[in-house]
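The values are calculated or read from the model by the stated rules, or taken from the named source; none is laboratory data. Note that the structure is a prediction, hence the values are computed from the model and not measured. A quick note on method: Cβ atoms are made from the backbone with ideal geometry, for glycine too, and the neighbour counts reach across all protein chains shown. Areas reflect the complete protein model, heavy atoms only, side chains present, ligands, DNA and RNA absent. Shrake-Rupley method; radii C 1.70, N 1.55, O 1.52, S 1.80 Å.
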Amino acid sequence: MNKPSKLRWGILGAARVNERLLPAIVEAPNSQLVAIASRRPGAAGETLRKYAPQQQEGVREYDSLETLLADAAVEAVYLPMANEEHAEWALRAIGRGKHVLIEKPMALTVADIEAIETEARRQGVTVMEGFMYRFHPQHARVQEIIASGLIGEVCSVRASYSFMMRPARMYRLAREPGQGGGALWDIGPYAIHSLRWCFGSEPVSVAAMARYVESGADSAASGVLDFGNGRFGHFDISFERARRCEYEITGSKGGVKCHVVWQLPGDVPVISWWTEDGRECVERYPAANHFNLEIEHFSDCVLNRKPPLLTLQDAKANCRALAAVLQSAAQGKTVKLS
Ligand SMILES: NC(=O)c1ccc[n+]([C@@H]2O[C@H](COP(=O)([O-])OP(=O)(O)OC[C@H]3O[C@@H](n4cnc5c(N)ncnc54)[C@H](OP(=O)(O)O)[C@@H]3O)[C@@H](O)[C@H]2O)c1
C-alpha cells in the first residue's frame, strides 16, 4: 500500500502565532490543514480566513477543542495555546492518538513533560516542542563553523533576545511565572535553548536576576548559566527594549555571531566570524522560512517514521534549566542543577 504523502493537521486554538504557522501548514507540500478549533465562537473561521484566505474549502471549523480532537481525519495537532495550557491539552491530544507539535515552552514543569513522554510512548505518537528557529539553515552553518575548529573550543556564549512589547500584548505580563506569564516563559526558552545548543551540553548551575511587574511576572531578565570548566552562557531578555535576537559565541581562537535568530519575513540571515590570526568574514544567505521548514520536518518525521530533530530529552533539559533560572531570579541566589 502506498504511504500517504500528506499529514492531516488540525490547529488547537485561534492564537496570534497562527499568523506564521497556519500558512506554513497550508503551504507545506507534505501537509494538509483539515481543521481548526477555538473556544470562542467564530474565532476559528476568522483566523483561517485572515491567515490563509486562499484556503476557503475543506477545512472544518470547530467551536470546541474536544470536537477537533474527536475528528478522526485529524492525524496531527499544532498546539499554540497559552503556555499554562500546553501540558493539559497535549495529553488530551495524545490520548486521542494524535501526533502533537507543541509551541514552546512545551510545559511549565519537567514532570509535565515526563507525563507527555509516557503518554506519547504508550500511544506511539510523535511529539515535538516548537522551536522553529532551529530549522533555519543558518544554525547548521554556525555548527559547521564550530565543528571545523575555526574558532577553537566554545568558551562563552551570549544570547540577547528583546523587543518592545505592544500594549495590546501586555496580557502576557498579567500572570505570574507559576502560571506561565512573563518574559522568561515567553522569550526565555529561546535564549536558554540557544545557549545549550551552542555548548552542546547542560548547565551545572545558574544565577539570574529579573525585573518584576505588579502581577508578579518578569518583564526583563538576565543571568549566567555555568556549563562547567569555565564555560559560561550569558542571557539577556526583555519586553522593554529595542528588538535584538542574536547569539554570539567566543571560542579559544575566534568567534562567530548569528545576527538575527528569529527571522521575520524579509530578514536577511547574517553570520559573521573572526579569528585571532586576523581573518574575518560576513556571510549573507537567502531568506528562509523556519516555520515552513519546521512543519515540513514534523510531517516528514510522522509520515516516514523518523525521529524529530528536537527530542523530549531536549525539552526536559530546557525546562529544567529555565525552572532553575526562574528560581534563581526569584530567590536571588545561585541554583545548582547537578
Ligand atoms: N514560535 C513562535 O515564533 C511563537 C511566537 C509567539 C508565540 N509563541 C507561543 O505560542 C503560544 C501562543 O502564543 P500567542 O501569543 O499566539 O497566544 P494568544 O494569541 O494569546 O493565544 C493563546 C490562546 O488564547 C486564546 N485567545 C487568543 N486570543 C484571545 C482573545 N482575544 N481573548 C481570549 N482568548 C484568546 C486562544 O484559544 P481559543 O482560540 O481556544 O480561545 C489561543 O489558543 C505560546 O505558547 C507562545 O509561547 C510562539
Residue that is farthest from Gly178 (Cα to Cα) [pool: residues in segment 82-116 that are of a type in the set (Asp, Glu) and in a helix (DSSP H, G or I)]
Glu114
Just wondering, is there one or more residues in segment 100-111 that are in contact with a Gly (Cβ under 8 Å, 6 or more places away or on another chain), away from the ligand (no atom under 16 Å from the Cβ) and open to solvent by less than 10 Å² (accessible area, probe 1.4 Å)?
no
Collect the residues in segment 52-76 that are of a type in the set (D, E, K, R) and under 20 Å from Arg40 (Cβ atoms), keeping them in residue-number order.
Arg60, Glu61, Asp63, Glu66, Asp71
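Quick check on this structure: which one of Arg175, Arg244 is of a type in the set (D, E, K, R) and closer than 27 Å to Val110 by Cα? Quick ask: steps written out before the conclusion?
Working: Arg244 fails: closer than 27 Å to Val110 by Cα.
Answer to the selection: Arg175.
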For segment 227-240, pairs from a residue that is under 17 Å from Ser162 (Cα atoms) to a residue that is of a type in the set (A, V, I, L, M, F, W, C) and open to solvent by 60 Å² or more (accessible area, probe 1.4 Å), with Cβ under 7 Å and 6 or more apart or across chains, are Glu240/Met164
Strands (runs of 3 or more DSSP E) within segment 1-75 that include 1 or more residues more than 16 Å from the ligand (Cβ to nearest atom) and more than 21 Å from the chain's Cα centre (by Cα)
7-12, 31-37
Across segment 41-59, what is the total count of residues that are more than 12 Å from Leu12 (Cα to Cα) and either polar (S, T, N, Q) or surrounded by fewer than 18 Cβ atoms within 10 Å (Cβ to Cβ) (or both)?
12
Starting from segment 26-49, take each residue that is under 15 Å from Asp71 (Cα atoms) and touching a residue at least 40 places away in the same chain (Cβ under 8 Å) and list its partners that are within 16 Å of the ligand (Cβ to nearest atom) and of a type in the set (A, V, I, L, M), counting only C-beta distances under 7 angstrom and pairs at least six apart or across chains.
Val34/Val59; Val34/Val74
